[in-house]
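J.: Starting off with a structure, shown below.
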Amino acid sequence: MSSSTIDYGKTKTFLIDTTKCTGCRGCQVACKQWNQLKGEKTTFFTGEGYQNPPQMSEFTFTRVKFKDYEKHGQNEFAFYKEMCMHCNDPACASVCPVGAFHKTPEGPVIYNAKKCIGCRFCMVACPFGVPKYEWSKAFPLVKKCTGCYSRVKNGLHPACATACPTAITYGSRDEMLKEAEKRMAAKPDRYFKVVYGKEEAGGTSVLYLTQQPLDELGFRPVTKRPLPSYTWQALRFVPGIFLTVGGTLSLVTWFQHRKDRVRREEEERNSRKEGNQ
Ligand code: SF4
Ligand code: SF4
Ligand code: SF4
């Protein structure tokens with residue numbers, strides 16, 4: 001199914017109410033457990049805040065950001081969980097030359113590592129800085145939050161949403177938007193009057209409610225137009241990225257040859273091992 005035929009109102013969506021987030025990082029741990037991602041070396045203070053690890057990575061698909069601010073002369077903390085936004089019309093999918101990403105009708109934007117050639121166009125295109133490279137590997141590919149697709153398509157909620165005691169509600173996009181509006185109307189003093197993700201990048205399957213203005217919390221300002229409508233035009237001007245159609249196809253061929261060579265070498269190694277047994 002192409003993303004244009006998806007009924008976005010029905011896609012499964014996260015409503016992350018940062019005013020209810022306690023910063024417990026249960027979501028971060030549940031994500032690591034479910035996806036069997038290893039722990040990373042952390043440092044106490046990164047300069048940007050108190051979050052650990054300092055960035056999302058190939059081993060950390062979600063992390064809780066800490067932001068300190070002053071209110072009525074008091075020091076306060078705000079927390080929010082950062083993850084793939086599962087865009088309705090994902091820029092990562094639009095630039096991938098081999099179709100490794102796609103938006104599922106259920107909501108998650110998933111990634112097929114078998115197709116990936118490691119070109120990193122998706123990393124440049126994503127307006128939220130989500131896909132990460134496997135720097136730890138000799139032949140790196142890209143990793144990101146899967147939206148727990150294997151759970152969602154079997155009727156379960158994502159691991160992080162299940163673990164969260166307070167801040168994450170999960171349901172259809174229409175329901176989550178209604179719920180967000182209801183909360184803002186019921187407690188106008190508690191909420192900043194914008195649902196982040198409602199329109200950003202053409203709309204996403206992750207929505208945020210906040211108390212503070214989004215820029216104060218460090219949310220990225222993102223255009224409301226779906227990004228695929230001009231992703232390629234924008235990428236043409238990114239230095240170091242070789243983006244003529246001919247160049248892209250040459251890269252695809254080069255990477256495919258490299259992949260085939262690696263697979264052949266692995267098969268040879270395995271058959272040598274079997275011969276020695
Ligand atoms: S946030 Fe980035 S990686 Fe996630 S779906 Fe959107 S464009 Fe793709
Ligand atoms: S949806 Fe799944 S993969 Fe994504 S952050 Fe939550 S637990 Fe991790
Ligand atoms: S589990 Fe929920 S309350 Fe705890 S840090 Fe994550 S989003 Fe916040």
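J.: Looking at (1) open to solvent by 40 Å² or more (accessible area, probe 1.4 Å); (2) over 16 Å from the mean Cα position of the chain (by Cα), can you tell me which one R220 breaks?
T.: Just one mismatch for R220, condition (2).
J.: When you go through (1) open to solvent by 20 Å² or more (accessible area, probe 1.4 Å); (2) within 21 Å of the chain's Cα centre (by Cα); (3) within 16 Å of ligand 3 (Cβ to nearest atom) one by one for K137, which number turns out not to apply?
T.: Single failed check for K137: (3).
J.: OK, next. If a residue has to be closer than 21 Å to V222 by Cβ and within 12 Å of the chain's Cα centre (by Cα) to count, how many in the range 58-100 make the cut?
T.: 13
J.: Against the condition in the same structural domain as R63 (by TED's automatic domain parsing), surrounded by 19 or more Cβ atoms within 10 Å (Cβ to Cβ), more than 16 Å from ligand 2 (Cβ to nearest atom) and free of Cβ contacts under 8 Å to residues at least 60 places away in the same chain, how does Y191 come out, does it pass?
T.: Here the answer is no, as Y191 does not meet what is asked.
J.: What's the total number of residues in the range 159-173 that are closer than 21 Å to Q36 by Cα and of a type in the set (S, T, Y)?
T.: Residues flagged as closer than 21 Å to Q36 by Cα and of a type in the set (S, T, Y) within the range 159-173 amount to 1.
J.: Within the range 203-213, can one find any residue that is more than 29 Å from P97 (Cα to Cα), within 16 Å of ligand 3 (Cβ to nearest atom), open to solvent by 40 Å² or more (accessible area, probe 1.4 Å) and at pLDDT below 95?
T.: Yes, the conditions are met somewhere in the range 203-213.
J.: Give the residue that is farthest from A100 (Cα to Cα), with candidates limited to residues of the range 141-159 that are touching a residue at least 60 places away in the same chain (Cβ under 8 Å) and more than 16 Å from ligand 1 (Cβ to nearest atom).
T.: A159
J.: So which of Y170, Y196 is within 16 Å of ligand 3 (Cβ to nearest atom), crowded, with 18+ Cβ neighbours inside 10 Å, in the same structural domain as V64 (by TED's automatic domain parsing) and within 15 Å of the chain's Cα centre (by Cα)?
T.: Sole residue among the options that is within 16 Å of ligand 3 (Cβ to nearest atom), crowded, with 18+ Cβ neighbours inside 10 Å, in the same structural domain as V64 (by TED's automatic domain parsing) and within 15 Å of the chain's Cα centre (by Cα): Y196.
J.: A follow-up question, please. Take the range 95-143 and flag every residue that is among the aromatic types (F, W, Y) and either over 17 Å from L37 (Cα atoms) or away from ligand 2 (no atom under 15 Å from the Cβ) (or both).
T.: F101, F121, F128, Y133, W135, F139
J.: Moving to a separate point now. Check off (1) without any contact (Cβ under 8 Å) to a residue 40 or more places away in the chain; (2) more than 28 Å from D174 (Cα to Cα) for F101 and give me the number that stays unchecked.
T.: Result: F101 passes all but (2).
J.: Hey, another quick one. Suppose we filter F79, F101, F59 for residues that are modelled with pLDDT of 90 or more, surrounded by 21 or more Cβ atoms within 10 Å (Cβ to Cβ), more than 15 Å from ligand 1 (Cβ to nearest atom) and of a type in the set (F, W, Y); which single one remains?
T.: F79
J.: Going by what's in this entry, would N112 be described as within 16 Å of ligand 1 (Cβ to nearest atom), surrounded by fewer than 16 Cβ atoms within 10 Å (Cβ to Cβ) and among the polar types (S, T, N, Q)?
T.: yes
J.: Right, something else. Out of A201, A180, I need the residue that is hydrophobic (A, V, I, L, M, F, W, C), within 16 Å of ligand 1 (Cβ to nearest atom) and in contact (Cβ under 8 Å) with a residue 24 or more places away in the chain. Which one?
T.: A201
The values are calculated or read from the model by the stated rules, or taken from the named source; none is laboratory data. What you are looking at is a predicted structure, and each value in this text was computed from that prediction instead of being measured. Here the Cβ is made from the backbone with ideal geometry for all residues, glycine too, and neighbour counts use every protein chain on show. Heads up: the accessible areas ignore ligands, DNA and RNA and are worked out on the full protein's heavy atoms, side chains in. Shrake-Rupley method; radii C 1.70, N 1.55, O 1.52, S 1.80 Å.
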